């Protein structure tokens, strides 16, 4: 965020920063929902992780959705264990700025969560989102099962057709099984609730994603 420009190539594991053994400890409770930020989750709760550019605005977008139980910001899809924010922003960890979304499957669905994801950022921009450039701002979906990966890939194809009809480019979103998720520092969690006038780079293409086809 803050319009940084960083390397546009993800480093190899050998090139990545070494990181550390000690994890960042997140706060116990979400400042908006009051629910935990860390599992184990109740049986009705499922999770997925998304990268949509700056994680501050992306997190707010999800906690505002009906059926979302909790959210947390962090780092994923990289190499460095337990990275700091500064390390991720250097472009030398391979991580993406992401949001962990825990949602109530009796109220909402993965399909609805994917619709929120697609409609609230521009997934065609590669290693950037708007004015924020760097590998940590890439579009990504990180899921728990192969079946969820297949559902996300199908939603990607649906939304690609909508974008093509609108004259927009190819989706660059990575769709992967989730690996490690590292919680970001406490001051980043629910940042825009604590700082209502803080920077928010979230913004979509204006093209809707038909949930019925997901």
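Residues that are over 10 Å from the mean Cα position of the chain (by Cα) and assigned to a loop (DSSP other than H, G, I, E, B): does segment 46-57 have at least one? Taking every residue of segment 46-57 in turn, none turns out to be over 10 Å from the mean Cα position of the chain (by Cα) and assigned to a loop (DSSP other than H, G, I, E, B).
When segment 19-41 is filtered for residues that are more than 20 Å from the chain's Cα centre (by Cα) and surrounded by 13 or more Cβ atoms within 10 Å (Cβ to Cβ), the ones remaining, listed by number, are 19, 20. Here residue 107 clears all of (1) under 30 Å from residue 14 (Cβ atoms); (2) out of contact with any helix residue (DSSP H, G or I) (no Cβ under 8 Å at 6 or more places or on another chain) except the condition numbered (1). Condition (residue is surrounded by 18 or more Cβ atoms within 10 Å (Cβ to Cβ) and either in contact with a strand residue (DSSP E or B) (Cβ under 9 Å, 6 or more places away or on another chain) or within 18 Å of residue 199 (Cβ to Cβ) (or both)) applied to segment 11-18: is it met by at least one residue? No, because not a single residue in segment 11-18 is surrounded by 18 or more Cβ atoms within 10 Å (Cβ to Cβ) and either in contact with a strand residue (DSSP E or B) (Cβ under 9 Å, 6 or more places away or on another chain) or within 18 Å of residue 199 (Cβ to Cβ) (or both).
Among the residues of segment 64-84, what is the count of those that are buried (at least 22 other Cβ atoms within 10 Å of the Cβ) and touching a helix residue (DSSP H, G or I) at 6+ places or on another chain (Cβ under 9 Å)? So the answer is 9.
Any read-out appearing in this document is the output of simple, stated calculations on the displayed coordinates, not a laboratory observation. On a predicted model such as this, the values are computed, not experimentally measured, just so you know. Glycine also receives a Cβ, built like all others from the backbone with ideal geometry; neighbour counts cover every protein chain displayed.
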